[in-house]
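The values are calculated or read from the model by the stated rules, or taken from the named source; none is laboratory data. Being a predicted model, the structure only gives us computed values, none of them experimental. Positions of Cβ are backbone-derived with ideal geometry, glycine not excepted, and every protein chain shown enters the neighbour counts.
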Amino acid sequence: MTGDFYAWTIVCAGGAVTLLARASFIVLPPETRVPKWVQRCLKYVAAAVLPALVLPDVLFRDVAAGQAVNTYRIIAALVAMLAAWQTRNIFATLGAGMATLWFLQYFRPF
Amino acid sequence: MLLPVNSTRSAYFRGLSDITPAVVGLIPFGMITGAAATAAGMDPWLALGMSFIIYAGASQLAAISLLIQHAPALVVVATILVVNLRFMMYSAAIAPQFRHLSARKKWLFSYLLVDHAFALLSARFPPGDTTQKPGTKAEQQVKKNRDDYYFGGTSLLWVMWQISNAVGVFAGTLIPGNWSLDFAIPLVFLALVLPALQSRTHWLTALVAVTAAAFTTALPMKLGLITAAVAGVAVGAWLDSRAVPVK
């Protein structure tokens, strides 16, 4: 992938919507209110989107020939989840997951 | 008020020093974001432009992951927006404190509004804190100190985010592809989302989203992601509205 016009357009549009989210209530008139149902949806956005982003990155990237899913990444992700659970620390989670993946990719036990 | 009311300089530097611990924690995250981009084959200038233009780590990682999978533009932009919707909540909470600013400064301070900046300002200047009478000189000074304090903290955050991203972008071009550094992206998301699943409704939301994502991977153009997100949010909001005591 190169830094083509298409990708730059995406980045600029992404920056624009991000700035609008940040500026929203700061630049809108003070009496602006959010409907209840929108607030309700906002509460669950992260819980829905982040796991949905994780799934294909773990299952289907760099899948070895003849396999349906990337087993090494699945195992590494499970170890990382355990680390996240135990430590609640982003770097411990990263370290555990990457170390497991590197170990499996280097030794190829199965 | 915890700050001396007569010194602008000290308010700015107080912001700088208060944000320092958060900045130390942010540097590795910025380096990983930059490195994940170029290690995954993204153009270095595009990766740098992204940290400058979007300036929000989690959504940058989401964008990298989708761009290298050649997802359609609308899906990438929609995902960036959705990951960054939490800024609207910060915006609503912080708006009363920015009301006196000029339009230009409102946009500048909005651009700088990130998770740590919000935490910083609400810790030191809690919203609704009106120890000074409105319209008095003392109140003006408190507002000015608050602005300088916010700008002090957020300017350091911004500069260090750009530098750490740039270092990561450079490092990423040197890291061999078989290190699978792009795997850092889902790992960061796992680390972010697991502690945020605070109730049974949140867990069910995540479960529905993951299940929907698993069954829709065959859909073209990453439409499975949108489907999964909508399904998860719909179930979460519906359970929430029924106010079933599931907490």
Worksheet, complete the sentence: Considering the range B:211-229, residues that are at the interface with chain A (Cβ under 8 Å from one of its Cβ atoms) and surrounded by fewer than 19 Cβ atoms within 10 Å (Cβ to Cβ), and then whichever is modelled with the highest pLDDT, we arrive at B:Ala214
Worksheet item: Given the conditions (1) within 10 Å of chain B (Cβ to nearest Cβ); (2) more than 26 Å from B:Leu26 (Cβ to Cβ); (3) surrounded by fewer than 20 Cβ atoms within 10 Å (Cβ to Cβ), which single one is not true for A:Pro56?
Response: (3)
Worksheet item: Of everything in the range A:51-66 that's in a loop (DSSP other than H, G, I, E, B) and of a type outside the set (Lys, Arg), which residue is nearest to the chain's Cα centre (by Cα)?
Response: A:Phe60
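Looking at this structure, is A:Ala13 closer than 30 Å to B:Thr211 by Cα and in a helix (DSSP H, G or I)? Working first, answer last.
Working: closer than 30 Å to B:Thr211 by Cα: yes; in a helix (DSSP H, G or I): yes.
Yes: the conditions hold for A:Ala13.
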Practice prompt. State yes or no: is B:Gly34 within 25 Å of A:Trp8 (Cα to Cα) and either under 13 Å from the mean Cα position of the chain (by Cα) or polar (S, T, N, Q) (or both)?
Written response: no
Worksheet item: For residues in the range A:67-78 being part of a helix (DSSP H, G or I) and either surrounded by fewer than 20 Cβ atoms within 10 Å (Cβ to Cβ) or under 15 Å from the mean Cα position of the chain (by Cα) (or both), which is farthest from the other protein chains (Cβ to nearest Cβ)?
Response: A:Thr71
Discussion item. If I go through the range B:108-124 residue by residue, how many of them are buried (at least 16 other Cβ atoms within 10 Å of the Cβ), free of Cβ contacts under 8 Å to residues at least 40 places away in the same chain and of a type outside the set (S, T, N, Q)?
Written reply: 3
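Search the range B:69-98 for residues being more than 19 Å from B:Phe118 (Cα to Cα) and without any contact (Cβ under 8 Å) to a residue 24 or more places away in the chain, and hand back the single one that is surrounded by the most Cβ atoms within 10 Å (Cβ to Cβ).
Of the residues in the range B:69-98, the ones more than 19 Å from B:Phe118 (Cα to Cα) are B:69-80.
Still in the list and also without any contact (Cβ under 8 Å) to a residue 24 or more places away in the chain: B:70, B:73-74, B:76-77.
Working: B:His70: 12, B:Ala73: 15, B:Leu74: 13, B:Val76: 27, B:Val77: 23.
The residue in question is B:Val76.
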Worksheet item: Got a sec? Which of A:Ala48, A:Ala21 is facing another protein chain (nearest Cβ under 7 Å) and under 15 Å from the mean Cα position of the chain (by Cα)?
Response: A:Ala48
Worksheet item: Within the range B:53-107, how many residues turn out to be under 25 Å from B:Ala35 (Cβ atoms) and hydroxyl-bearing (Ser, Thr, Tyr)?
Response: 4
Worksheet item: Is at least one residue of the range B:140-157 among the basic types (Lys, Arg), surrounded by fewer than 19 Cβ atoms within 10 Å (Cβ to Cβ) and either part of a helix (DSSP H, G or I) or in the same structural domain as B:Leu85 (by TED's automatic domain parsing) (or both)?
Response: yes
Worksheet item: Within the range B:30-41, which residues are out of contact with any Phe, Trp or Tyr (no Cβ under 6 Å at 6 or more places or on another chain) and at pLDDT 90 or above?
Response: B:Met31, B:Ile32, B:Thr33, B:Gly34, B:Ala35, B:Ala36, B:Ala37, B:Thr38
Worksheet entry | Filtered residues of the range B:140-194 (kept if within 24 Å of B:Ala58 (Cβ to Cβ) and among the acidic types (Asp, Glu)) | B:Asp182
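Here's the yes/no breakdown for (1) touching a Cys at 6+ places or on another chain (Cβ under 7 Å); (2) more than 8 Å from every other protein chain (Cβ to nearest Cβ); (3) at pLDDT 90 or above:
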position	(1), (2), (3)
A:Ala65	no, yes, no
A:Ala80	no, no, yes
A:Thr87	no, yes, yes
A:Leu94	no, no, yes
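Suppose we filter B:Ser164, B:Ser180 for residues that are among the small types (Gly, Ala, Ser), at pLDDT 95 or above and closer than 14 Å to B:Ala35 by Cα; which single one remains? Give the steps one after another, and end with the answer.
On the way: B:Ser180 fails: at pLDDT 95 or above.
B:Ser164 is the lone residue from the list that is among the small types (Gly, Ala, Ser), at pLDDT 95 or above and closer than 14 Å to B:Ala35 by Cα.
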